[in-house]
Amino acid sequence: MARQQAATSYSPVSSQTHVRATPTSPIEPNGEKVTEQVNGTPTGDSSDLPVPQPRPTPDDADAPEHTAPEHTARTPADAARSETRRRTPLATIIRAQEKIFVDRQPESAKLAKLASGSLAGGVVSSWQISRPQPVWLSHGQGSKIYDVDGNEYVDLHGGYGVSLAGHGHPAIVEAVQAQVARGTHFAQPTETALAAATELARRFGLPQWRFANSGTEATMDAVHLMRAITGRDLIIKVEGCYHGHHDSVQVSVCPDEDDVDRGPADRPNSVPSSTGIPAAITDLTLIVGFNDLDAVRRRLEENPGKVAGMILEPIMMNAGIIKPDPGYLAGLKELLHAHGALLTFDEVKTGLTAGPGGATRVTGVIPDIVCLAKAIGGGVAVAAVGGTAEVMAHVANGDYEMVGTFNGNPLAMAACRAMLTQVATPEAYERLEKLRLRAVEGLEREIERNNLNAQVVSVGAKGCVVFSATPVRNFRDFLEIRDSYSHAHWLFQHNGGVFLPPWGKIEQWLISVQHDEADIDQFIANFAAFASAVRGAA
Ligand SMILES: Cc1ncc(COP(=O)(O)O)c(C=O)c1O
């Protein structure tokens, strides 16, 4: 099975979620000193909480006794410099960091306990169950978010890739406030929807658009459309890509080494990624490796006239960040079209974050269908599906009924229009690029200084540290990466006042238009502390 079994995944099934191990940070989130030593009593055990606790991944549980320098310093910079320490096993570092984490968040623990009474699993989405305990937030402002214990964080989590605008952006606040006073729902078209669609068409080079409410809805409509247009049932999907939680794409999202059914790399099997997915649907989704054009060719040739199309993240962002090889995306389009099949880019994550026109513009390959969600709503739930004139004619003429009560909801459209016209501006992208470069340079400097087997991969506002010395080209390569380092890094950042998305090596940072140099420098300083602590363990 997929994510819930994968050592690397964030699991959609709460009872099977993973924990990542945790390192020890010598600093409080606000940068103040704490008295806890790195290898102080590593309790960090939150098993008394009623919320489902992620279990350690095999990676974490069996973390070899790598050694890392003990912290004697009390700030990230000191820690990075400190040369006087004894080696501490990574697993110990992680446990001690988890203790610091839990000690700082008693209110979160209380709420988690209370919530388990009325919220299934104590959270509102299963991927909010992360080790050592879910973090309950009170509010956000600008580039910062605040937990219920009063801790401040530089928000690089970005709500899993949504918060490109940051929090409380004046343009979004004004647009939403104005619309709230004028009615939040009509189920009739409004001029804001037209303005948003026109701007998306300009950015992505696809003429026609419809709106929905989540990435899942967008990719579901895309798959339906490919099937409706071609009259074929099979689709091709990339192993390790996540496209939401509808049946057709809940296949081989995160099949790991323990998964006997996953098949060879050049011919992966179709593995259901959740319970509740009928085998009859799973069998309609053919799986290929990312960057493997030949595998797609084989699938098409073996199933003549049966493949409706292919859906993929043009830049993979549910396995760290994996970029397409030169020519891969253009090759896919050519190949699929030669077989009468369609190409869908799932740009739910890359959308406005990879650049103003997403990966579509970055790579120069315009697919038949683009799916957007997350960042396009400025923090409000919006999704969009764009298509060529030929594709969208099937929607316009009623052949495929793309429907939804809340589609193009005026509140969401007001936020989306403001995002597109006032927030994600050319100046904002210039600023984001400067911050990206600052982050990448800082992290690479620390990687080199501490001789870590790691590399920084970034695209636009998104980036991640991949704890591997060799390039990662597909999901099988990605599975080889030990997750403990990513989890340790996450904990160091968290305890040092920078909130990265949980789930270790899978997720990426998101820099918002409201972040500044100081935020990035705090991120780098925490990384320096982490790198110094785990030096020699990588
Ligand atoms: C690439 C991609 N597609 C689709 C989705 C599903 O989006 P949503 O959670 O809004 O349904 C996600 C969510 O993380 C995603 O990363």
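Computed from the coordinates by the stated procedures, all read-outs in this text should not be read as laboratory data. Only a predicted model underlies this, so the values are computations on that prediction, with no experimental measurement involved. As a convention, Cβ positions derive from the backbone with ideal geometry for all residues, glycine included, and neighbour counts pool all protein chains shown.
Below are the figures for this structure:
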item: FRET efficiency for VAL180 and SER116, using Cβ-Cβ distance with R0 set to 25 Å, rounded to 0.05; result: 0.15
item: For segment 272-285, Karplus couplings with θ = phi - 60° (6.51, -1.76, 1.60), whole Hz, Gly/Pro x; result: x, 9, 7, 6, x, 9, x, 4, 4, 7, 3, 5, 7, 9
item: Trypsin sites (Lys or Arg not before Pro) restricted to DSSP loop in segment 161-241 with at most 14 other C-beta within 10 Å; result: ARG182
item: Stretchable slack from ASP521 to ARG267, in nm (0.36 nm times residue separation minus alpha-carbon distance); result: 87.1 nm
item: Relative intensity, log₁₀ I(q)/I(0), of segment 197-423 from a Debye sum that treats every alpha carbon as a point, q = 0.08, 0.18 Å⁻¹; result: -0.26, -1.37
item: For MET316, distant residues with modelled amide H under 5 Å away; result: ILE322
item: log₁₀ of I(q)/I(0) at q = 0.14, 0.18, 0.20, 0.25 Å⁻¹ - segment 203-298, Debye sum with one point per alpha carbon; result: -0.56, -0.88, -1.05, -1.38
item: Sequence-distant residues sharing a close amide H with LEU342 (under 5 Å, placed H); result: GLY309, MET310
item: For segment 368-482, convex hull volume per residue from C-alpha positions, Å³; result: 164 Å³
item: Cut-off under 5 Å, modelled amide H: who pairs with LEU286 long-range; result: ILE235, ILE236, LYS237
item: Per-q log10 I(q)/I(0), segment 271-350, q = 0.18, 0.20, 0.27 Å⁻¹ (Debye; single scatterer per alpha-carbon; no solvent); result: -0.83, -1.00, -1.37
item: P(r) weight above 16 Å for segment 383-427, C-alpha pairs, percent; result: 55 percent
item: Cα-based radius of gyration of segment 327-383 once divided by 2.2 N^0.38 Å, which approximates compact folds; result: 1.22
item: Under the Karplus curve 6.51 cos²θ - 1.76 cosθ + 1.60, θ = phi - 60°, whole-Hz ³J(HN,Hα) for segment 344-354, x wherever Gly or Pro sits; result: 10, 9, 8, 9, 4, 8, 6, x, 7, 7, 6
item: Considering only segment 197-423, percent of DSSP beta bridges that pair antiparallel, nearest 5; result: 40 percent
item: Over segment 197-423, relative contact order from alpha-carbon pairs under 8 Å, at least 6 apart, %; result: 27 percent
item: Whole-Hz ³J(HN,Hα) from phi, Karplus 6.51 cos²θ - 1.76 cosθ + 1.60, for segment 204-211, glycine and proline x; result: 9, x, 10, x, 10, 9, 9, 10
item: Descending semi-axes in Å of segment 291-435, equivalent ellipsoid built from Cα gyration tensor; result: 28, 22, 11
item: Residue-count net charge about GLU217 - beta-carbon cut-off 15 Å; Lys, Arg +1, Asp, Glu -1; result: -3
item: Local electrostatic count, THR282, Cβ distance below 12 Å [Lys/Arg +1, Asp/Glu -1]; result: -2
